[in-house]
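The values are calculated or read from the model by the stated rules, or taken from the named source; none is laboratory data. Treat the numbers as computed from the prediction; the structure is a model and nothing was measured. Neighbour counts run over all protein chains shown; Cβ positions are idealised from the backbone, glycine included.
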Amino acid sequence: MRSPVVAGGRTVGPRVVVIGAGIVGCSLADELTVRGWTDVTVLEQGPLPAPGGSTSHAPGLVFQTSPSKTLARFAAYTIEKFRSLEVDGVSCFAQVGGLELATTPERLADLHRRAGCATAWGIRSEIVSTARCKELWPLLDESVVLGGFHTPGDGLARALLAARAQMDRATTRGARFLDRHTVTGIERENGRVTAVVTDRGTFPADHVVSAAGFWGPVIGRMAGVDVPLQPLAHQYARTAPLPELSGATAEASKPILRFQDRDLYFREHTDRIGIGSYAHRPLPVDPFAVPSYEEARAQDRAMPSSYPFTAEDWAPSWEECRRLLPALRETEIETGFNGVFSFTPDGMPLLGEAREPRGFWLAEAVWVTHSAGVAQAVAEWMVDGRPSLDVHECDLTRFEEAQRSPSYVRERGAQQFVEVYDVLHPLQPAERARPLRVSPFYARQQQLGGFFLEGGGWERPHWYEANAPLVDTLGELPERDAWSARYWSPIAAAEARATRERVALYDMTPLRRLEVTGPGALAFLDRMTSNNLRRKPGAVTYTLLLDEGGGICSDLTVARLASDHFQVGANSPADLDRLLRHAPADVRIRDVTSGTCCVGVWGPLARDLVQPLTHDDFSHEGFGYFRAKRTHIGHVPVTALRLSYVGELGWELYTTADSGLRLWDTLWEAGRRLGVVAAGRSAFNSLRLEKGYRAWGTDMTAEDTPFEAGLGFAVRMDKEGFTGQAALRDLAEPTRRLTPLLLTDPAAVVLGKEPVRVDGAPVGHVTSAAYGYTLGRCVAYAWLPAGLPTGTDVHIEYFGEKIAATVADEPLVDPEMTRIRR
Ligand code: FAD
Ligand code: THG
């Protein structure tokens, strides 16, 4: 890559070509040039300023509230930025506010939950009465409405105007926008992009960003990069002028409106109403078959991203519109179209640089709502090497190999469309494309009545019905509210108890395993992570993968199986990606997850279960805590690691997939006399929180440093040079900490992402929470100001209710480690 050059005393940076001048491409050109990367060329196939992509017809509703903190912050930045932009005296944002309606008790409860999310992410919001809804939207039939969620900061983005304003700013800084240039190829050399080919010439480039919206897969193919998004059409229509709105002069004055119970949203267009619907069948569009701008026009279509309105799909929604807004009974739809935009398997954007070819970036599947925030993050990523906020939910590497087939992407994309306004429980799994991945123990898990949820494509048992009889042996369990009782069973309590008192088998197969080998392996892992890995073979080390800023990219266990052979227990696919990007030639890295499996054998009787099955010494002296051994369990060759995420004595036993069933059966048979149970994720999560073990991605991310997250023990500041070390040296004392909370009422439960208040003021949010069956209280971890003394009273807001909790000391269970080290 060319290093930044200086022209006339000004840094111009490397040559960047952005493909697509929709809202994302324009925002990105602005964000790059403001950072001094001014050699930016934006290539657009359509005519500017309305080139015919999704932006060209976006009605521009911006609702900030989302369960994803990242999306909420992208939206907040977009609003802040668009409010500061204007073209010819017209603002790029109309802050009319947002209103979501409830017409069912379930939705009303969910709006309270959304209000909690809003508070957690710093968005102003209020639950409002039916009367207030009517005041905000006089056209409503209030007899239909039970209440609403009002967000005064939301509103309407004038997307094309905002695109133009950012285009103009970027142009004054040196960027060029070339319309009617259709990209046809991407040239590569030695694993890097070198140029972008168009029908009107070739443009050399050090970095290429595909901001091509739903054409992403087409551009991706040119670069040999798989882009897992599915374009779908979505109906948008406008009514004729309404007498009730006659005399209106502003484009809009009432809040943007959502009627999620019927998959509809509304905005004003001066004296008309615009209506969008997700109520119809999914209408997938093949991105490779989308006509060019000229072809679309020749077919009498406004633009390539707009397909003819299918009236039959609209009819049922129109009835619902008229029920909610009786004034619509006197009017008809005047115009409508089926507009295309992007859906990904999990509904999140696709951002980041491909590993191959380097210099090829994606900024796709982005709503207008999130566009400026995304552009800021991607520009930071390109210029500074990392975004300033956590974007792991959007990282293009997040999908597993097994989640990248075109049919999977199509099916999940369609499901995202259908579910876009559904009330979704945090544990609710997708129903389709399942089962996709199963462990070798699946048949046994089914026989035991496993209740499966999905994660990373894996079927993961959350509890086993076979353990139902054990519930009777427990004391009285407090009744749960209906929401927290979903995807939960008292059987989890019995499985947790069995783990604390006897021994349980946990399927740990989905835990990512990387094999790192070669003469450079030790030096490499030692440089990449924070703890000391220069220990003898047989050692296991808990260590952190940090970024250059000291943020936590992952927490790993590294088992040194032989001098040049390491087994790494990792988290997301991004870990593999990160290691591969930095690996020198004398290091080989392989993801062995799919070909292997793992059983956690944990509980006070774990040694009694395993020892008779092996000739090796599994005593505390013979097989110490955080040690690894290769041995046999019965006939099965295994790698055994003595550690436990549930905080009990025991081992993780790994073998190849073919031997997995035999391993399970051997352990099961031997465990019978000890009362062994199979236990699921529900018990697992409870036990790990009682023990204070963090879950990466939920409790901590790259936005957090080890000291804030309570993981300073895994950082060796005195060791020689590791990624993030310099940044950690410069850190001030943490001002916020991941803090354990214990709920006061034994019956109270929270689930995560709730706001936490001290003296009534919101000061943080819950990351993860689970009922601690050993403690008889719910445990919650939360990001809170540093220095809150143990015993501080706080409130967690759960569905609008105040749940009392206190700051606790951690770990809550077994602080002396007597259960685990013996
Ligand atoms: P686009 O605007 O599609 O831009 C991509 C550009 O890349 C296009 O201009 C295209 O011509 C160009 N391009 C593609 N291939 C090539 C090539 N080979 N060579 C050169 N150029 C190429 N979002 C909201 O936030 N709020 C809403 O209320 C909202 N409502 C919507 C309603 C409808 C009916 C639709 C369809 C979408 C709506 N969206 C909404 C979604 C939003 O419009 C899009 O997510 C957003 O505009 C995408 O912006 P983009 O810049 O990524 O893509
Ligand atoms: N098993 C293995 N690898 C893993 C996990 C696992 N890698 C990813 C993820 N889970 C890492 N998370 C943890 C969290 C805590 C511990 C292990 C993995 C743990 N911590 C002890 C503690 O904090 O007291 C020991 C720390 C130490 O001695 O340094 O056990 O589940 N294989």
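A quick yes/no check of all residues on (1) surrounded by fewer than 22 Cβ atoms within 10 Å (Cβ to Cβ); (2) at pLDDT below 95; (3) closer than 17 Å to Arg512 by Cβ:
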{"position": "Arg560", "(1), (2), (3)": "no, no, no"}
{"position": "His582", "(1), (2), (3)": "yes, no, no"}
{"position": "Arg590", "(1), (2), (3)": "yes, no, yes"}
{"position": "Thr593", "(1), (2), (3)": "no, no, yes"}
Margin query: Could you tell me how many of the residues in the range 224-244 are more than 15 Å from ligand 1 (Cβ to nearest atom) and surrounded by fewer than 18 Cβ atoms within 10 Å (Cβ to Cβ)?
Written below: 6
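Taking the condition over 28 Å from Thr557 (Cβ atoms) and of a type in the set (Lys, Arg), does Arg729 pass?
Working: over 28 Å from Thr557 (Cβ atoms): no; of a type in the set (Lys, Arg): yes.
Considered against the rule, which asks whether it is over 28 Å from Thr557 (Cβ atoms) and of a type in the set (Lys, Arg), Arg729 comes out as no.
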Notebook entry, point to check: Taking the condition assigned to a strand (DSSP E or B) and not β-branched (Val, Ile, Thr), does Phe288 pass?
Noted result: no
Notebook entry, point to check: Quick one: would you say Leu653 is away from ligand 2 (no atom under 16 Å from the Cβ) and touching a helix residue (DSSP H, G or I) at 6+ places or on another chain (Cβ under 8 Å)?
Noted result: no
Check: Could you say whether any residue in the range 362-374 is part of a strand (DSSP E or B), within 18 Å of Gly274 (Cα to Cα), more than 16 Å from ligand 2 (Cβ to nearest atom) and among the polar types (S, T, N, Q)?
Finding: no
Item checked: Close pairs (9 angstrom Cβ cut-off, 6 or more residues apart or separate chains): within 10 Å of Val40 (Cβ to Cβ) in the range 11-26, in a strand (DSSP E or B) and among the polar types (S, T, N, Q) anywhere -> Arg15/Thr41; Val16/Thr41; Val17/Thr41; Val18/Thr41; Val18/Ser210
Next item on the list: Please list, ordered by first then second residue, the pairs with beta carbon atoms under 9 Å, 6 or more apart or interchain, first in the range 421-432 and within 20 Å of Phe63 (Cα to Cα), second among the aliphatic types (A, V, I, L, M) and not in a loop (DSSP other than H, G, I, E, B).
Entry: Tyr421/Leu264; Val423/Ala109
Item checked: Residues satisfying the stated conditions in the range 40-60, i.e. surrounded by 24 or more Cβ atoms within 10 Å (Cβ to Cβ) and either more than 23 Å from Thr171 (Cβ to Cβ) or more than 10 Å from ligand 1 (Cβ to nearest atom) (or both) -> Val40
Checklist line | Filter result for Leu511 (more than 21 Å from Leu687 (Cβ to Cβ) and within 16 Å of ligand 2 (Cβ to nearest atom)) | finding: no
Check: In the range 91-105, is there at least one residue being in contact with a helix residue (DSSP H, G or I) (Cβ under 7 Å, 6 or more places away or on another chain), modelled with pLDDT under 95 and surrounded by fewer than 22 Cβ atoms within 10 Å (Cβ to Cβ)?
Finding: no
Check: Of all the strands (runs of 3 or more DSSP E) wholly in the range 613-695, which have at least 3 residues that are within 34 Å of the chain's Cα centre (by Cα)?
Finding: 636-641, 650-656, 677-679
Margin query: Which residue is farthest from ligand 1 (Cβ to nearest atom), if the candidates are limited to the range 22-39 and must be over 18 Å from Ile219 (Cβ atoms), assigned to a loop (DSSP other than H, G, I, E, B) and not hydroxyl-bearing (Ser, Thr, Tyr)?
Written below: Gly36
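Each row is one residue, and each column tells you yes or no for (1) in contact with a helix residue (DSSP H, G or I) (Cβ under 7 Å, 6 or more places away or on another chain); (2) away from ligand 1 (no atom under 16 Å from the Cβ); (3) touching a residue at least 40 places away in the same chain (Cβ under 8 Å); (4) more than 30 Å from Ala714 (Cα to Cα).
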position	(1), (2), (3), (4)
Thr631	no, yes, no, no
Ala640	no, yes, no, no
Glu648	yes, yes, yes, no
Trp668	no, yes, yes, yes
Leu674	yes, yes, yes, yes
Notebook entry, point to check: From the list Thr119, Thr171, Thr130, which one is crowded, with 19+ Cβ neighbours inside 10 Å and either within 16 Å of ligand 2 (Cβ to nearest atom) or among the hydroxyl-bearing types (Ser, Thr, Tyr) (or both)?
Noted result: Thr119
Next item on the list: Report the residue count in the range 560-596 for those that are under 18 Å from Ala628 (Cβ atoms) and assigned to a loop (DSSP other than H, G, I, E, B).
Entry: 4
Next item on the list: Mind listing whichever residues of the range 530-543 are in contact (Cβ under 8 Å) with a residue 60 or more places away in the chain and either aliphatic (A, V, I, L, M) or within 12 Å of ligand 2 (Cβ to nearest atom) (or both)?
Entry: Ser530, Asn531, Asn532, Ala539, Val540, Thr541, Tyr542, Thr543
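Test Thr499 against the stated conditions and say whether it is farther than 26 Å from Asp745 by Cβ, more than 16 Å from ligand 1 (Cβ to nearest atom) and of a type in the set (Val, Ile, Thr).
no
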Note to self: Of everything in the range 242-259, what is part of a helix (DSSP H, G or I) and out of contact with any Asp or Glu (no Cβ under 7 Å at 6 or more places or on another chain)? Give them in sequence order.
What the structure shows: Pro243, Glu244
